[in-house]
There are 4 protein chains.
Amino acid sequence: MSSNFSELKAECYELNMEIPRRSLAIYTFGNVSIIDRDAGVFAIKPSGISYDDLKAEDIVIVDLESRTVEGPLNPSSDTRTHAVLYREFGLIGAVVHTHSTYAVGWAQALEPIVIYGTTHADHTVEDIPCTPPMPDDRIEGDYEEETGNQIVEHFRSLGLNPEEIEMVLVGSHGPFTWGKSGSRAVYNAVVLEELARMALITRQVNPDVSRLKEALRRKHYQRKHGPNAYYGQ
Amino acid sequence: MSSNFSELKAECYELNMEIPRRSLAIYTFGNVSIIDRDAGVFAIKPSGISYDDLKAEDIVIVDLESRTVEGPLNPSSDTRTHAVLYREFGLIGAVVHTHSTYAVGWAQALEPIVIYGTTHADHTVEDIPCTPPMPDDRIEGDYEEETGNQIVEHFRSLGLNPEEIEMVLVGSHGPFTWGKSGSRAVYNAVVLEELARMALITRQVNPDVSRLKEALRRKHYQRKHGPNAYYGQ
Amino acid sequence: MSSNFSELKAECYELNMEIPRRSLAIYTFGNVSIIDRDAGVFAIKPSGISYDDLKAEDIVIVDLESRTVEGPLNPSSDTRTHAVLYREFGLIGAVVHTHSTYAVGWAQALEPIVIYGTTHADHTVEDIPCTPPMPDDRIEGDYEEETGNQIVEHFRSLGLNPEEIEMVLVGSHGPFTWGKSGSRAVYNAVVLEELARMALITRQVNPDVSRLKEALRRKHYQRKHGPNAYYGQ
Amino acid sequence: MSSNFSELKAECYELNMEIPRRSLAIYTFGNVSIIDRDAGVFAIKPSGISYDDLKAEDIVIVDLESRTVEGPLNPSSDTRTHAVLYREFGLIGAVVHTHSTYAVGWAQALEPIVIYGTTHADHTVEDIPCTPPMPDDRIEGDYEEETGNQIVEHFRSLGLNPEEIEMVLVGSHGPFTWGKSGSRAVYNAVVLEELARMALITRQVNPDVSRLKEALRRKHYQRKHGPNAYYGQ
């Protein structure tokens, strides 16, 4: 069967398969999407299909209103959350949702992941935000769309820039990450899980530990992102 | 050697081998059975045989009174527990018993696994029940049959439906899961272990966390099971 | 090179290689020995050789006074501990010492592993004993011999039978296990690590949990070891 | 392309690849260097290159002032920290920096890893030191050089010998280890992570546990390092 989006589907398939390979989710949990901004569509995992059974041709192409453009399967039930993020965060190229164990633990605890060290600071110099519990009327409305809205509103209320903090915990639910590219968004999902694990261990060693000092946060930010950035090639 | 149940044995063997593959138990711990309701028999792992040594022809066929119908080996010492579940939960097709680490931890702690998030709510909107310690006279009676009775009675006393909650912790012992199919019952055993691990991490991050709010529990239930269910294909 | 003990060495080598394969120790940590009671010698891992480099011909044959009978390498520095156990526990056929993470955690905490559930009770119905810290004069004497003496004395002072409890924690150090056969001793080392992990998780879920009730301890003991034992083949 | 340092690069590459293989870091985290003291240069991982993509020819050769001697890529951003250690600790042959999870947890908690048992004592009889948070003016200066200076000053202020304690936690950051050879430095990184994990478990089992008694610390030191050392071959 011919497709106008076979490359996008193939890439989306490969990115989805990173999720079980990196132990970020089991069976059908989680989903990755990537956008073709010129075509105004994104590719996303179908709903309820196990990673063991997933094939590239199962990937669904939808538009930014979450309407299916190509593919016989239903897209992920989280599709409308991805669509909100693509509409509101105009520079991102991919979105990853997992149920990775430690990130879910913090999300269920309704706590942002406090920045305790430089591993965290190398990725963002803020705590990883955690959205508050969703009000009942929004849960009973368009729940998945409202999940996206919650992320966007929470970033705005805290004055956070989604190009600088590419990860969030949805309270009582779990992590979403994004990035300019699909590989960056997956990378962020792996890093987030590791930061969640390190932060819990830190507290277990020393329950009275304080967050990373301001000068170190500033330094690590500038080392990677400042005018004289000197990390990488 | 010819058998009237070679297909049932082969399937039961494959399901049992998922237990070590999914890291749900070591050596001889745990056992999976599947029922052929028309024939009135179920297939189950033999007692005390290590997964490393297990072969399809070792699987034992027993009737619903736990009498061996075919096979030279003794069936699992937990056979009578499985038999009770098949007799009392008339729609289930398979039963899985493991000693997965975190589920055993909660069972030994004599605590139900509290529902803290949507990963849990996607599978059941109640806490995972944990049976109370068995009274001494029942321990000294037909212990494995009483283990099954305890599960059934605990579900009845809490008004729980075994088609909606396909998992339980037997207090001081460990998890049992079931499902319409063998693969569903194994899936539930994997999910239960993950929920047990997430719930402990959640409490470690925030010991004062409350259980998932009612509106989210209702929403996730309806998303998968309600009249307008929209999860999956 | 010809050897009178090539079979014993080959078996000892295979048992030692189970230690890294089962993630019970890294690099050179840990050691397994097996005894040939008729010949009055036992085979043991050489000292300071990494599992990656170990070969069957490196295995050292020593007598019950720990004098090398065959092999150019030094035997494990724990050899005299093994020798004491073989002399004092006359029915055991193999000894395993590991530095498995959770068992070491309990040993360093100087606490016996409390029996909280049936996984534990299927192996022993007592807590896993932990020897007290060694008095200074014994540390400064024949330290490895005294480690063996401590195990033996601790078993005697508690009235424990080494055929019924095939595992111990040496306080501030780590686990030793044994058994009639080499495979049983390794099995016990794997089980001990799992019991250590489950017991800690149990306490983390419920710090006020009590030990397993007496009737369940008795039942599980009799199921495997009583006159009407019905577990296994 | 011909190189004067192809052997050094090849060895450095292999050592770096041990980092992901031993699960000590993900993606680009961490770096290993080895020195050629005669040539006055050391080989180190390039900055921001993922282990998945790393090739032997990417390894950068720098002098002890961290100036690139050979290679088109930027050396690790931690290069100046390594250089300080090579200059100040004159007998070490290799340096390893990882972001291993438990060691980072202790470093972020700003706590030295207390010596609780003999696994620790077999490697060093002191707590694993943890440098205090860096003063702001040093963070804003030559940060990576100051990280090295902090390690050296902390060792001097505690009177520690870098040939006897081959590992340190940099507070709020993570572990550095070293050794005479590259394989020893990597070994130390693996051991440090295991000691960090064991020490946390020890405290979780018994929050009131004391550090290892003096006589055992002395004994294990002498067993490996004393005039009558009898560990190994």
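The values are calculated or read from the model by the stated rules, or taken from the named source; none is laboratory data. Quantities reported herein were computed from a predicted structural model and do not represent experimental measurements. Cβ sites come from the backbone with ideal geometry, for glycine too, and all protein chains shown count toward neighbours. These accessible areas exclude ligands, DNA and RNA; they are computed on the full protein's heavy atoms, side chains included. Shrake-Rupley method; radii C 1.70, N 1.55, O 1.52, S 1.80 Å.
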Within the range D:103-119, can one find any residue that is in contact with a strand residue (DSSP E or B) (Cβ under 9 Å, 6 or more places away or on another chain) and among the acidic types (D, E)? yes
Restricting the range A:139-164 to residues that are touching a residue at least 60 places away in the same chain (Cβ under 8 Å) and touching a Ser or Thr at 6+ places or on another chain (Cβ under 8 Å), which is most open to solvent (accessible area, probe 1.4 Å)? A:E164
Just checking, which of B:V104, B:V84 is outside any strand (DSSP E or B), among the β-branched types (V, I, T) and within 14 Å of chain C (Cβ to nearest Cβ)? B:V104
D:H220 passes all but one of (1) in contact with a helix residue (DSSP H, G or I) (Cβ under 9 Å, 6 or more places away or on another chain); (2) open to solvent by less than 10 Å² (accessible area, probe 1.4 Å); (3) within 23 Å of A:V205 (Cα to Cα); which number fails? (3)
Which one is farthest from the other protein chains (Cβ to nearest Cβ), of the residues in the range B:87-100 that are open to solvent by 10 Å² or more (accessible area, probe 1.4 Å) and in contact with a helix residue (DSSP H, G or I) (Cβ under 6 Å, 6 or more places away or on another chain)? B:E88
Which numbered condition A:L195 misses (of (1) within 30 Å of D:P75 (Cβ to Cβ); (2) open to solvent by 10 Å² or more (accessible area, probe 1.4 Å)): (2)
Pick from C:A43, C:A39: which is touching a helix residue (DSSP H, G or I) at 6+ places or on another chain (Cβ under 7 Å) and at pLDDT 95 or above? C:A43
For a quick check of your reading of the model, give me the residue pairs whose first member lies in the range D:194-220 and is among the polar types (S, T, N, Q), whose second is in a loop (DSSP other than H, G, I, E, B), with beta-carbon atoms closer than 8 Å and at least 6 apart or on different chains. D:T202/C:A109; D:T202/D:Y116; D:T202/D:G117; D:T202/D:V209; D:N206/C:A109; D:N206/C:L110; D:N206/C:E111
Name every residue in the range D:67-81 that is aliphatic (A, V, I, L, M) and within 11 Å of chain A (Cβ to nearest Cβ), in order of residue number. D:L73
For D:A43, which of the numbered conditions (1) surrounded by 17 or more Cβ atoms within 10 Å (Cβ to Cβ); (2) assigned to a helix (DSSP H, G or I); (3) away from every other protein chain (no Cβ under 14 Å) fails to hold? (2)
Is the range A:62-71 home to any residue that is surrounded by 24 or more Cβ atoms within 10 Å (Cβ to Cβ) and part of a loop (DSSP other than H, G, I, E, B)? no
Out of the range A:72-86, which residues are more than 16 Å from the chain's Cα centre (by Cα) and either under 23 Å from B:D122 (Cα atoms) or crowded, with 24+ Cβ neighbours inside 10 Å (or both)? A:L73, A:N74, A:P75
Inside the range D:129-138, can you point out the residues that are open to solvent by less than 40 Å² (accessible area, probe 1.4 Å) and part of a loop (DSSP other than H, G, I, E, B)? D:P129, D:T131, D:M134
Within the range D:36-46, can you find the residues that are within 15 Å of D:Y13 (Cβ to Cβ) and not charged (D, E, K, R)? D:F42, D:A43, D:I44, D:P46
Helices (runs of 4 or more DSSP H) wholly inside the range C:139-233 that include at least 2 residues being within 14 Å of chain B (Cβ to nearest Cβ) and among the hydroxyl-bearing types (S, T, Y): C:182-205
Select from the range B:1-18 the residues that are out of contact with any strand residue (DSSP E or B) (no Cβ under 7 Å at 6 or more places or on another chain) and in a helix (DSSP H, G or I) and list them in ascending order. B:S6, B:E7, B:A10, B:Y13, B:E14, B:M17, B:E18
Residue, farthest from B:P133 (Cα to Cα), within the range B:102-119, restricted to residues that are among the hydroxyl-bearing types (S, T, Y) and open to solvent by 10 Å² or more (accessible area, probe 1.4 Å): B:Y116
Find the residue count for the range B:19-31, including only residues that are assigned to a helix (DSSP H, G or I), open to solvent by 40 Å² or more (accessible area, probe 1.4 Å) and in contact (Cβ under 8 Å) with a residue 12 or more places away in the chain. 1
Answer yes or no: is there a residue in the range D:165-183 that is at pLDDT 95 or above, of a type outside the set (S, T, N, Q), closer than 22 Å to C:I26 by Cα and surrounded by fewer than 17 Cβ atoms within 10 Å (Cβ to Cβ). yes
In the range A:107-123, which residues are in a helix (DSSP H, G or I) and touching a Phe, Trp or Tyr at 6+ places or on another chain (Cβ under 6 Å)? A:Q108
